[in-house]
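To keep things clear, I will list the structure first and then write my remarks on it.
The values are calculated or read from the model by the stated rules, or taken from the named source; none is laboratory data. Worth saying up front: this structure is predicted, and the values here are computed from it rather than measured. Cβ sites come from the backbone with ideal geometry, for glycine too, and all protein chains shown count toward neighbours. Surface accessibility is based on the protein's heavy atoms, side chains included, excluding ligands, DNA and RNA. Shrake-Rupley method; radii C 1.70, N 1.55, O 1.52, S 1.80 Å.
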Amino acid sequence: MTALSQTALLLELEPVVERNLDRHLAVAKEWFPHEYVPWSEGRTFDGPLGGEAWSEGDSTIPDVARTALIVNLLTEDNLPSYHHEIATLFGRDGAWGTWVHRWTAEEGRHGTAIRDYLTVTRAVDPVALERARMTHMSAGYANVHDDEVLHSLAYVSFQELATRISHRNTGRVTGDPACEALLARVAADENLHMVFYRNLLAGAFELAPSQAMRAVADVVADFQMPGNGIDGFARKSVAIALAGIYDLRQHRDDVVAPVLRQWDVFNVTGLDADGEAARDQIAAHLDELERAASRFEEKRDARAARLASR
Ligand SMILES: [Fe+2]
Ligand SMILES: [Fe+2]
């Protein structure tokens, strides 16, 4: 069987997009970012309005929660780049186009809500945040697989779920019920996005199983969070992992494995030689992730024991 072209894939998947768009619109619940922000806690800042500058003591949430909130927000902030990527690949017409615009509108709410919360509660330095946003957005974002439909669908299936977990756990470590409620709401959106993309790739597995398997294998092998271009991302992601907000164990057990299970990758039939090879690579990568996650957990436990004995 010859491989389907990118255009053929988009065309063949259009009915799946249509069905899942209808499904999404039926289950997505309308919500309002302003309802999640404790406006009465706010105070005017310095500058043109002559209020009070931000100071370290203004923030009442733990350091690592601040780090995670900044990473999550900067990730949401780069939406114009993500929109560009999917609008270019999926197109702006038909069901694909309707999804591209709807998804963009939903994602736009996330950045708005989180920024309003952070500014009103003075949880982070607003000057540093704005400078970080400028740097991050000025660099733009491009996914390594941004010219391939199935690779992109595989990537966003994992990425939306990763983002869901990261938001939810960030909310938990803030210790602030208002922030937790806001991030749980955002996380619920990310989950529906994951379901949409995962269902599309499930459709691709029926249509072109070997191409879908290849896409999944390539994507799990070099998966990077969308915020990986953020200044100091390596250091920040270590802190985030040490706090259990997003670590290798969660990446393997709560993101990669459950999505693979939904696609039932180890029981897919009708694969050609490359499809079989891709599936073997996925299995090997899961084993490698298992080893790396265990190593990380041991190190984290040892570090916790060291800190406790001090
Ligand atoms: Fe989002
Ligand atoms: Fe999302």
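Would you call Val268 farther than 30 Å from Arg131 by Cα and crowded, with 20+ Cβ neighbours inside 10 Å? Walk me through how you get there before you give the answer.
Working: farther than 30 Å from Arg131 by Cα: yes; crowded, with 20+ Cβ neighbours inside 10 Å: no.
Here the answer is no, as Val268 does not meet what is asked.
So, Ala28, is that one more than 16 Å from ligand 1 (Cβ to nearest atom), closer than 17 Å to Ala187 by Cβ, at pLDDT 95 or above and not aromatic (Phe, Trp, Tyr) or not?
no
Checking the condition away from ligand 1 (no atom under 16 Å from the Cβ) and in contact (Cβ under 8 Å) with a residue 24 or more places away in the chain, which residue from Asp176, Asp189 passes?
Criteria check complete, one pass: Asp176.
Just need a number here: residues in segment 192-218 that are within 16 Å of ligand 1 (Cβ to nearest atom) and more than 12 Å from Val259 (Cβ to Cβ).
Selection size over segment 192-218: 3.
Could you please find all residues in segment 154-188 being part of a helix (DSSP H, G or I), open to solvent by 10 Å² or more (accessible area, probe 1.4 Å) and acidic (Asp, Glu)?
Glu180
Looking at segment 117-125, is at least one residue within 16 Å of ligand 1 (Cβ to nearest atom) and modelled with pLDDT of 95 or more? Please lay out each step first, then the result.
Of all residues in segment 117-125, those within 16 Å of ligand 1 (Cβ to nearest atom) come to 117-118.
Adding the requirement that they be modelled with pLDDT of 95 or more leaves 117-118.
So far as segment 117-125 goes, yes, one or more of its residues are within 16 Å of ligand 1 (Cβ to nearest atom) and modelled with pLDDT of 95 or more.
Could you say which residue among Thr112, Thr60 is over 15 Å from the mean Cα position of the chain (by Cα), open to solvent by 50 Å² or more (accessible area, probe 1.4 Å) and over 18 Å from Trp31 (Cα atoms)?
Every option except Thr60 fails the conditions.
Applying the selection to segment 121-151, what residues are open to solvent by less than 20 Å² (accessible area, probe 1.4 Å) and part of a helix (DSSP H, G or I)?
Hits for segment 121-151 are Leu129, His136, Val149, Leu150, His151.
Which pairs do you get when a residue that is closer than 12 Å to Val186 by Cβ and within 16 Å of ligand 2 (Cβ to nearest atom), found in segment 108-128, comes within reach of a residue that is open to solvent by less than 40 Å² (accessible area, probe 1.4 Å) and among the β-branched types (Val, Ile, Thr), reach meaning Cβ atoms under 6 angstrom, with the pair 6+ apart or on two chains?
His110/Val186
Is there a residue being open to solvent by less than 10 Å² (accessible area, probe 1.4 Å) and under 24 Å from Arg185 (Cα atoms) anywhere in segment 76-86?
Restricting attention to segment 76-86, the residues satisfying the condition of being open to solvent by less than 10 Å² (accessible area, probe 1.4 Å) are 78.
Cutting the leftovers down to under 24 Å from Arg185 (Cα atoms) gives us 78.
Yes, there is a match, as at least one residue in segment 76-86 is open to solvent by less than 10 Å² (accessible area, probe 1.4 Å) and under 24 Å from Arg185 (Cα atoms).
With the condition kept exactly as written, say whether any residue in segment 211-219 is over 10 Å from Ala154 (Cα atoms) and surrounded by fewer than 19 Cβ atoms within 10 Å (Cβ to Cβ).
No, segment 211-219 contains no residue that is over 10 Å from Ala154 (Cα atoms) and surrounded by fewer than 19 Cβ atoms within 10 Å (Cβ to Cβ).
Of Leu73, Leu89, which residue is open to solvent by less than 40 Å² (accessible area, probe 1.4 Å), more than 28 Å from Arg214 (Cα to Cα), touching a helix residue (DSSP H, G or I) at 6+ places or on another chain (Cβ under 9 Å) and in a helix (DSSP H, G or I)?
Working: Leu89 fails: more than 28 Å from Arg214 (Cα to Cα).
That would be Leu73, the only listed residue that is open to solvent by less than 40 Å² (accessible area, probe 1.4 Å), more than 28 Å from Arg214 (Cα to Cα), touching a helix residue (DSSP H, G or I) at 6+ places or on another chain (Cβ under 9 Å) and in a helix (DSSP H, G or I).
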